[in-house]
Amino acid sequence: MLDRVVRWCVGNAWLVLGLAAILLTYGIVVVERARYDVFPEFVPAQVTVQTESPGLVAEQVEALVTRPLENAINGANGVETVRSESAQGLSIIRVTFKEGSDPLRVRQVVAEALVRVSGQLPSGVATPALSPLTSSTMDMLKIGLVSDRLDQRQLRAFAEWTLKPRLLATRGVAGAVIYGSAESRFEVRLRPEALVARQISLADVSAAVSALTTVRGGGFAETANQRILIRPTNGRIDASTLGDALIASGGGPAIRLRDVADITLVAGPQMGDALIMGRPGVLVSLFSQYGANTLEATRAVERTLEDLRPSLAAQGVQVYPALHRPANFIETALHGMSIDLAVGAAMIGFILMAFLRDMRIALIAFLAIPLSLIAALIVLDLLGQTINTMTLGGLTVALGVVVDDAVVDVENIVRRLRGTQGGDRRAIIAAASVEVRAPVVYATYVLALTIAPILFLTGLQGAFFSPLALAILLAVLASLAVAITLTPALAFLLLSRTTPHDEPALLARAKAWHRNYLTRICGGPKLVLGVTAITGIVGVIGLLVFGGELLPAFREGHYVLKVNGPPGASIGWMRETGTRLSRDLLAIPGVATVEQQIGRAEAGEDPFPPNQSEMHVELKSGGARSQEATLAAIRRTLSNYPSLQSETLTFLGDRIGESLSGETAQFAVSIYGADLDTLDRVATEVAAVVAKVPGAADVRVKSPPGTPVLTIELDPARMAAHGVTPADANDAIEIANQGHVAGQVAEADRVTDVALILPPELRRDPESVRDILVRSMDGSSVRLGDVARINLEEGRSSVNRGGGQRRQVVTLNPTRSDVAGFGRDARAAIAANVKLPVGVTLAYSGVAEGQAAATRQVMFNVAIAAVAIVGLLVLAFGGLRSAALILAGTPFALMGGVVAVGLTGGVLSLGALVGFVTLFGIAARNAILLVSHLDHLVGEEGEAFGIATVLRAAEERVTPILMTALVTALGLLPLALESGQAGREVQGPMALVILGGLITSTIMSLLFLPALILRFGKHARTGQPLPAPDLAS
């Protein structure tokens, strides 16, 4: 069938050329409108459930809110894991579903589960809410606001009611969270002595506020001709209007709210704060929508900010628009890989010209590059894939491979044209193309099968590398289609009336040298066999002694610092310490901007208590070495603050670690059990042990105890004696510090709470809660201390759960590149030095576990693919001998890759492992060309099998083998040289492995393989070819 396709394309060359031009034009349009992102979606389908629980401490939130919700969610269909964190006033539950689940459907599943239990939650607890559906990287942009003219409350109000709605209206934005100050509210600051003197209860005050702020519908009035809508309003409500509210006094003189309270508009209770460049400010953190074009959405947000700039300047607001901008990494990676592609393509063009010595011939082969890559991008777009660093990396790796098929085809056409004077050029070109059809197709099949193990990876490794493998596979298949269709058509159009140049003299001399040495080597096939076996053994041993890592550190130019103060530290203490730390960080030469998020934001993703914070440090532009030096300086700066616990990560490392283990650190030890004190003790022991393992850094216990808690235990007997009800006592406790929201004031663009609370001077000393007056049933007042036991105790800021159990977590970041080796050392140290109490279990997670799981999966997939490759080669070449000879280059390819890994650090990342798998398919191509051509000489041209025929086959395949090896190597060279730079962190090690193995496997194909064919080939005994099925068709 392919014979007819080739001949039809040669006969309709202009039509084929026109179709190719249409494909190229359409591909350019697709590339312009494609979606761009940092990485493929690597986080499995998950849902985050947030439940605000005002006033409750962590243990109460866990018992009353988190556990009931967890029990409902655990029974939902498709749930993989459920992890939760209960903090003061907030429950966060993260639900991960089985791989392949529809993100939209799983949200519906969780929502249905929550409906069943929401009504059972305590009074005052908000309805559980699902966080917005975001992309894997989540963050889109962090924007900082500072002002010398507006105070913090006014700046927060501007961000909340003016800036945030405009940003949320921008396409691609999923949500916005604001840090800094707190939402404004009217505080009705009650004067206890005035309430007692006028016999006014808290319920009376609350009812007065509610009556003034409640808006009711008025319906409509119907006349004969029209309907008139009725709109009752309370008018404009401000502090003065609230002060005029009447309080029911039982028939006595009118009492207004201002008689018993002071009313003021202030910032509400702070759950968190923000520092921008070391100054108090407001931080707006934007999240990108699931499936959005991150690059386009970021630029749209920036256009919105630019539109608002005059308004911001008029109010004296200074904007820091890119405190964290993941699009920077996308742009850097796109720019870098575009340069790699351009440089690689230029070098390939140079090699083609050097070998073929004709611009037209070189152009025929070169056109395979843009057409193959464009075709791959079109299919990726149709499959819903984004253009990201992994798909671009796959295309860059494929750059040198996609031209191979065309090179083999055009070289054979040129060789046949040189050897023929006159004749039907169309028939010669078609015959020459058909002659190499089979080896080209077989080589592509083998390469596809070697890529298949990567294509079918699952989990995090599959999310990263399957798109890369798919990009390579599509480009290679497209190059095969180009070689079968466009290459012979162009050859006919451009070469039918010309005579190709002779081979370069240098190449002719190289062939003579090659023939001379090959004649000698063919005399010792057993020695060659022994060298091959030894090379394979050494390569395997080298592979086993290397350290391992899942993914390398990403050079995104941005670091995330987890900075925690002592348990119980206040927002004020964290703000003061953060100001000093920010100034020290800004003094580091490589640091551009610094922002700090203290505590948590309303409806935020992270349930941080006030003593926990996160700093985002944006670096100035620079290479890998510059970023490493800046990282070292950051860690030295953090070490100068002994009162702080810290860890330093890249943002992408943070997100990847969280998707692997639920923790941001690279290595996590989860301790499961029922008793929190026991878990704390074991966690402290584990932290002390792993801190001594070489390479451990940023060791910390996630939720250490020590948070001060004022426990107020109501005494029923004393309450009964004084005539105090629990409701009255709890009302008094609520208004003492938190405040009781009695109503809301609605304006055109905002809603403001009205809260009853004690004056600040009565809230400064927590111990003064004893003196709060509680109204008894007979109207008298009783001190809270007279009806309750009040003690200052030690509690905890959060309680973690996982798998239905309580858990404590120890996290750290290995500084060793051999993360897998560090994991083994840490496990051994813990097993030897930590004795677990009954009922306590450990679980390890993080990149070390992920790397081990990924390696096992790759090896299993490779084993299956190897069987398929052997079967294909046996069927294609008529026996096991030819298959074994084609695969004889594998030990040399392995050895070359091992040497490349050894010279670049000796750490086998998953990217390097994928490089080895891909390398074996690329290396087999040369052997297939040689074995197939020998079969053609013996079977089709009637040559007798012997050393002369073997030498001729090798000589006639020197040019295509050298050309394909050189174009592949030079296509990969820019990527290999830039290994470790932004956007090439994963693909760089992959390119290095392929480059190293390509060198050694090419030497094997040119010098050693002919000797093995002569001694062990299928023609060695009979001298006649064995029949082989035509699988190419």
**Request:** Under 6 Å between Cβ atoms, at least 6 apart or on separate chains: pull out the pairs that start in segment 459-470 with a residue that is under 11 Å from residue 42 (Cα atoms) and in the same structural domain as residue 395 (by TED's automatic domain parsing) and end on any residue that is of a type in the set (D, E, K, R) and surrounded by fewer than 22 Cβ atoms within 10 Å (Cβ to Cβ).
**Result:** none
**Message:** Tell me yes or no: at least one residue of segment 497-504 is part of a helix (DSSP H, G or I) and assigned by TED's automatic domain parsing to the domain that holds residue 375.
**Reply:** no
**Asked** What is the one condition in (1) closer than 24 Å to residue 333 by Cβ; (2) at pLDDT 85 or above that residue 980 does not satisfy?
**Response** (2)
**Prompt:** Do any helices (runs of 4 or more DSSP H) entirely within segment 795-905 hold 1 or more residues that are buried (at least 20 other Cβ atoms within 10 Å of the Cβ) and of a type in the set (S, T, N, Q), and if so, which?
**Reply:** 847-877, 880-886, 890-903
**Prompt:** Right, residue 459: out of contact with any helix residue (DSSP H, G or I) (no Cβ under 6 Å at 6 or more places or on another chain), within 30 Å of residue 384 (Cβ to Cβ) and of a type outside the set (Val, Ile, Thr) or not?
**Reply:** yes
**Selection within segment 82-111 - of a type in the set (Asp, Glu) and modelled with pLDDT of 90 or more** = 85
**Elements of type helices (runs of 4 or more DSSP H) in segment 1-113, at least 2 residues being surrounded by 15 or more Cβ atoms within 10 Å (Cβ to Cβ), touching a strand residue (DSSP E or B) at 6+ places or on another chain (Cβ under 9 Å) and not assigned by TED's automatic domain parsing to the domain that holds residue 484** = 58-61, 67-74
**Message:** Looking at the structure I just gave you, is residue 40 touching a helix residue (DSSP H, G or I) at 6+ places or on another chain (Cβ under 8 Å) and over 30 Å from residue 435 (Cβ atoms)?
**Reply:** yes
**Request:** May I ask you to list the residues in segment 196-239 that are under 30 Å from residue 758 (Cβ atoms) and of a type in the set (Asp, Glu)?
**Result:** 204, 238
**Fill in**
residue 653 vs (1) surrounded by fewer than 24 Cβ atoms within 10 Å (Cβ to Cβ); (2) of a type outside the set (D, E, K, R); (3) modelled with pLDDT of 90 or more: all pass except (3)
**Message:** Let me confirm something: among 663, 647, which residue is closer than 17 Å to residue 802 by Cα, among the charged types (D, E, K, R), touching a strand residue (DSSP E or B) at 6+ places or on another chain (Cβ under 9 Å) and not assigned by TED's automatic domain parsing to the domain that holds residue 62?
**Reply:** 663
**Output for segment 762-789, where each listed residue is surrounded by 15 or more Cβ atoms within 10 Å (Cβ to Cβ) and among the hydrophobic types (A, V, I, L, M, F, W, C)** = 762, 769, 772, 773, 774, 782, 784, 787, 788
**Asked** How many of the residues in segment 608-648 are assigned to a loop (DSSP other than H, G, I, E, B), in contact with a helix residue (DSSP H, G or I) (Cβ under 9 Å, 6 or more places away or on another chain) and not hydroxyl-bearing (Ser, Thr, Tyr)?
**Response** 7
**Request:** Six or more apart or on different chains, Cβ under 8 Å: which pairs go from a residue in segment 709-729 that's without any contact (Cβ under 8 Å) to a residue 40 or more places away in the chain to one that's not aromatic (Phe, Trp, Tyr)? Could you list them?
**Result:** 726/714; 726/719
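Can you name the residue in segment 935-952 that is part of a helix (DSSP H, G or I) and touching a residue at least 60 places away in the same chain (Cβ under 8 Å) and, of all such residues, is surrounded by the fewest Cβ atoms within 10 Å (Cβ to Cβ)? Outline the logic, then answer.
Filtering segment 935-952 down to residues part of a helix (DSSP H, G or I) leaves 935-939, 947-952.
Those left that are additionally touching a residue at least 60 places away in the same chain (Cβ under 8 Å): 935-936, 938-939, 947, 950-951.
Numbers: 935: 22, 936: 18, 938: 22, 939: 16, 947: 14, 950: 27, 951: 17.
Among them, the one singled out is 947.
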**Item:** Of all residues in segment 954-972 being among the aliphatic types (A, V, I, L, M) and more than 43 Å from the chain's Cα centre (by Cα), the one that is surrounded by the fewest Cβ atoms within 10 Å (Cβ to Cβ)
**Value:** 958
**Item:** Residue check, residue 306 among the acidic types (Asp, Glu) and surrounded by 13 or more Cβ atoms within 10 Å (Cβ to Cβ)
**Value:** no
**Prompt:** In segment 746-770, what residues are under 21 Å from residue 258 (Cβ atoms) and either out of contact with any Leu (no Cβ under 8 Å at 6 or more places or on another chain) or not aliphatic (A, V, I, L, M) (or both)?
**Reply:** 752, 753, 755, 759, 760, 761, 762, 763
**Message:** With the structure loaded, tell me whether residue 507 is touching a residue at least 24 places away in the same chain (Cβ under 8 Å), of a type outside the set (D, E, K, R), part of a helix (DSSP H, G or I) and in contact with a Lys or Arg (Cβ under 6 Å, 6 or more places away or on another chain) or whether it fails that test.
**Reply:** no
**Item:** Given (1) crowded, with 17+ Cβ neighbours inside 10 Å; (2) under 46 Å from the mean Cα position of the chain (by Cα); (3) in a helix (DSSP H, G or I), number of the condition residue 572 does not satisfy
**Value:** (1)
**Item:** Complete set of residues in segment 18-33 that are out of contact with any Leu (no Cβ under 7 Å at 6 or more places or on another chain), of a type in the set (A, V, I, L, M) and touching a residue at least 60 places away in the same chain (Cβ under 8 Å)
**Value:** 28
**Asked** How many of the residues making up segment 377-421 are under 17 Å from residue 40 (Cα atoms), part of a helix (DSSP H, G or I) and either small (Gly, Ala, Ser) or free of Cβ contacts under 8 Å to residues at least 12 places away in the same chain (or both)?
**Response** 3
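The values are calculated or read from the model by the stated rules, or taken from the named source; none is laboratory data. Everything numeric in this text was worked out from a predicted model, so none of it was measured. Positions of Cβ are backbone-derived with ideal geometry, glycine not excepted, and every protein chain shown enters the neighbour counts.
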